[in-house]
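Structure, as structure tokens:
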Amino acid sequence: MRKILILAALVCLTFAQNVQECPTDGRLMKCVVQQQPVCGIRSLTNGKQIKETFDNYCIACSIGKVEYTVEGKCESYPAEAKFCSPAQSQALACTREYDPHCGYFNKTVQCLVPPCAIEQSNRCTTCSTENVLYTVRGNCRN
Ligand SMILES: *[C@@H]1O[C@H](CO)[C@@H](O)[C@H](O)[C@H]1NC(C)=O
């Protein structure tokens, strides 16, 4: 029994990524009580995001309202952080309007001197920059 639990935990860890989309049938997921907090994100039509912390990815997705999750509690990110959805990260084309955003990198980018950020001309170009996890509107402050 114990071995199975350890194996399950290992599998979960392997699948744990920074950003994970919820399956469309997430409500049917069978969840275990496991503490591996994630921040669940839902986008509103006005562009705002609702962020709520859940015990794990499965529980976040099983309520049926979360689009995707990000590793860690919501409170571990700045309150003004707007996460890039998987679709936004993969955007192939962006409009050219000038509305600068500061993009903060995921853990792939090793950073010695914070903030680990990159400034782009608008949110679309910022999110589609490789390894950007979330954006904050405006210029990057150093
Ligand atoms: C960081 O983001 C890139 C996509 O921009 C992704 O391929 C990579 O897996 C992410 N790294 C982590 C640690 O999640």
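What follows is calculated from the coordinates using simple rules that are stated; it is not laboratory data. Not measured: the values here are computed from a predicted model. Virtual Cβ from ideal backbone geometry, glycine too; neighbours counted across all protein chains shown.
Taking Lys and Arg as +1 and Asp and Glu as -1, the other residues whose beta-carbon sits under 12 Å from that of residue 44 total +4. Between 66, 132, 33, the GNM of the chain built on Cα springs shorter than 10 angstrom shows 33 fluctuating the most.
Counting every other Cβ atom within 10 Å of each residue's Cβ, 41, 118, 63 order from fewest to most as 63, 118, 41. Normalising the Debye intensity of the range 36-142 to I(0), with uniform scatterers on Cα atoms only, and taking log10 at q = 0.12, 0.17 Å⁻¹ returns -0.40, -0.80.
For the chain, modelled as a GNM whose springs connect Cα atoms under 10 angstrom apart, the maximal fluctuation among 73, 107, 82 occurs at 107. For the range 16-76, a/c is not less than 1.5, where a ≥ b ≥ c are the root eigenvalues of the C-alpha gyration tensor, and a/b does not top b/c. That puts it in the oblate class. A straight Cα-to-Cα reach below 15 Å connects residue 30 with the aspartates and glutamates 55, residues fewer than 8 places away in its own chain not being considered.
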